[in-house]
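To start, the structure under review is shown below, and the notes come after it.
The values are calculated or read from the model by the stated rules, or taken from the named source; none is laboratory data. Worth saying up front: this structure is predicted, and the values here are computed from it rather than measured. Neighbour counts run over all protein chains shown; Cβ positions are idealised from the backbone, glycine included. Surface areas here come from the heavy atoms of the whole protein model, side chains and all, with no ligands, DNA or RNA. Shrake-Rupley method; radii C 1.70, N 1.55, O 1.52, S 1.80 Å.
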Amino acid sequence: MAFSICVVAGMILLSTACLGTSHDSEDSSANHPSYNVHEIIVTAERSPIERSQSPSMVSVLSKQLFRRLGMPSVGSTLCYVPGVRTEINCQTCNYSQVRLNGLAGAYTQILVNGRPIVSPLVSLYGLEQFPTAMLERIEVMRGAASVLYGSSAIAGVINLVTRDTWEQGGFVTSNLNLIGSATVELATNATVMHRSGQENAFALTAHYRTRGGYDANGDGYTELARLRNVAIGANASFGLGNGRVYTSLAFINEERRGGNLLDQPPDRADQAEYRLHDILFFTASYTAHVGQHRWELYAATNATTRVHYTGVDHADGWGRTRSMYGIVGWQGTFHLPLRTTIGAEYQFDRTSDAIEAYGYKIDQQLGQGGIFAQVNEEILPRVSAVSGLRLAWHDAIRGAVLLWRAGLLWRPSERWEFRLNYGEGFRAPQAFETDMHIAFASGGVSLIRLDPQLRKESAQSLSLSMTHRFQGDGYIAELSFDGFGTSLRDPFVLTDDGLDSIGNRILLRTNGSGARVVGVSCEGQLEWNNLELVVTFTLQRSWYDQPVAWSKQMPPEPRFLRTPDLYGSAMLRIPIGDQWECLASAVLTGAMFVPHMAANGDRLVRTPSMLDCSASVRYRLGALLQGNSALTLGARISNMFNAYQRDFDRGRYRDSNYIWGPPQPRTVGVELQWSF
């Protein structure tokens, strides 16, 4: 408690430290990023490039959108990107994953400032742990990207960019929510930015979030875990010689507890999951220019410790996890005269985790390296091409892996863009995020174990996209279609391997025969007389070449589970004058098949479609106190029609992975935002 009070007091000190400075509110310059064709992105080519000039299609979520949505964590915002869906996968601890183009979370590489340092352990809860207050924007690139980012970037990459624009001033935001009818959530952020001339800049962010446990069906066991999250982040940029140094540091402390008897120690509860994380992210880079040439040295790391408990009936389910994940590398972009990027990097993963009572142990010490080269140049008038190779090696794979990517961009006019992309990727036979989560199932616990004969999984992806912009008297619009297909060879699948000697249910991660995902994503955007409308939807199909035996009690299943054929989102922003703003949004999750491993037997459940609708209103007061200081008040109702799962498992022997649909029930909240 004393630590939490110190954090909140520190936020107040941060905000008062810059009173009297001049800063335009971040919302005042907000335009939907898709209309800014000259916006600079970094994910598509590993170096800055205009979005309209990139052969790869990249979606961008801005800091203005984060603050309009009023959502404290990254996972809640990603569902507004076409082809992207986030989901909660545990009823007790609420671990989550993001699915790109219909593939599970382990197929997506999450980056921090362009570096793949989000370890499999952090990926379990990272989407909810990393606060949006620390981010400048999120860039999402769909499709195999292992040539650029190494192993696991099969579905694509999500790049969390902490800060690369700097202003003078800051803001404080606080959100107070009532979840259901009795659970309170509070999230408070403060950010201060300082800039000295054109060379040196600094930003400091503090975040505090707390949430009580929520019981949806009155059985005494939580569906939303009790949560306390504290995060502090710092970013700095300064000149050095003829180059520039950029550093980013973030520390996250989070405690979560689900199950029953929340006021008791976890091992005194009838069923409980407890997680206490300490997470450190650090990135640093030095970039210099020599004429038209650009080169960069970089290093980044993620260190995590976790104390955890998972148990039923007071079992001795305590464990401790340590993880160190990092990367060092160099890359250069040269005009020779073709625009050529070459580089080399080395990644390491040191992860240990164990619960002796369950015979569960992971001791993973892996390294992987890569040398890559890529050429991007205009080959014909209005036609650009990119081609790249990576020679990769991984401690868990015998021999080297050669990967190739290629892409074409044709811009017949300023209003039309056509893209064709091919990419290859792979995943090494190692432990991924879900392998480090112990679930409750079949009246006990379930563990994932790796097949000793597990081979690497490889992928090929192809996409064809079209973008058209319309402009008329008082309106501007954009329509994009993206057809995609992914073929998996030796895909990792989970099969039922029965019970071990102490009664734990074992799911074996082994290789399947092959799998396919095909689909199309669409995004339409309109700005008319300051009104903004964005609509996305994705249609897809996914299947295995040979059915997978996910349960010994059920026939093998050829379809991907937990994967709807239809999903999408919509958002409507209506500014009224200079002070009022209304926002309406909706997230659609189509029907899907979800496994239910209950104490009385297994079954496959076809869930109904769910539409999560939300609305908010914000009022911006005029200038206050000194300079351009301003106050904004807001109110929001999320999931207003309470589209929430009704058939949760009940009691201590429930299947905690049987959870689907919107992440929380109807929630009402108020917001206070002060910018200065």
Q) Here are some values of Kirkwood radius over Cα pairs in Å: (1) 25.7; (2) 42.2; (3) 28.9. Which one was computed from this structure? A) (1)
Q. What 222 nm value per residue comes from the helices of the chain, counting each DSSP H run with n ≥ 4 as -39,500 (n - 2.57) and dividing by all residues, nearest 500 deg cm²/dmol?
A. -1500 deg cm²/dmol
Q) Considering the dipole of region 287-378 built from charges on the beta carbon (Lys and Arg +1, Asp and Glu -1) around the Cα centre, which of Y309, V328, Q292 is farthest to its positive end? A) Q292
Q) Accessible area per residue of the chain at 1.4 Å probe, in Å²? A) 38 Å²
Q.
How large is the direction-averaged shadow of the alpha-carbon convex hull of region 319-445, in nm²?
A. 12.4 nm²
Q: Report P(r) for region 214-286: all Cα-Cα distances, bin width 5 Å, range 0 to the bin holding the largest distance, values in whole percent.
A: 4, 14, 17, 13, 10, 9, 8, 7, 6, 5, 4, 2, 1
Q: Take the solvent-accessible surface of the protein heavy atoms, probe 1.4 Å, and return the percent of it on the chain that carbon and sulfur atoms account for.
A: 60 percent
Q.
Which of the three applies to region 31-170, rounded, prolate or oblate, going by the alpha-carbon gyration tensor with a ≥ b ≥ c and a/c under 1.5 meaning rounded?
A. oblate
Q: May I ask which residue of A201, Q271, L186 lies farthest towards the positive end of the charge dipole of region 181-288, with charges of +1 (Lys, Arg) and -1 (Asp, Glu) on Cβ and the Cα centre as origin?
A: A201
Q.
Using Stokes-Einstein with the Kirkwood hydrodynamic radius over Cα pairs, what translational diffusion coefficient do you get for region 371-481 at 4 °C and a viscosity of 1.567 mPa s, in µm²/s rounded to a whole number?
A. 71 µm²/s
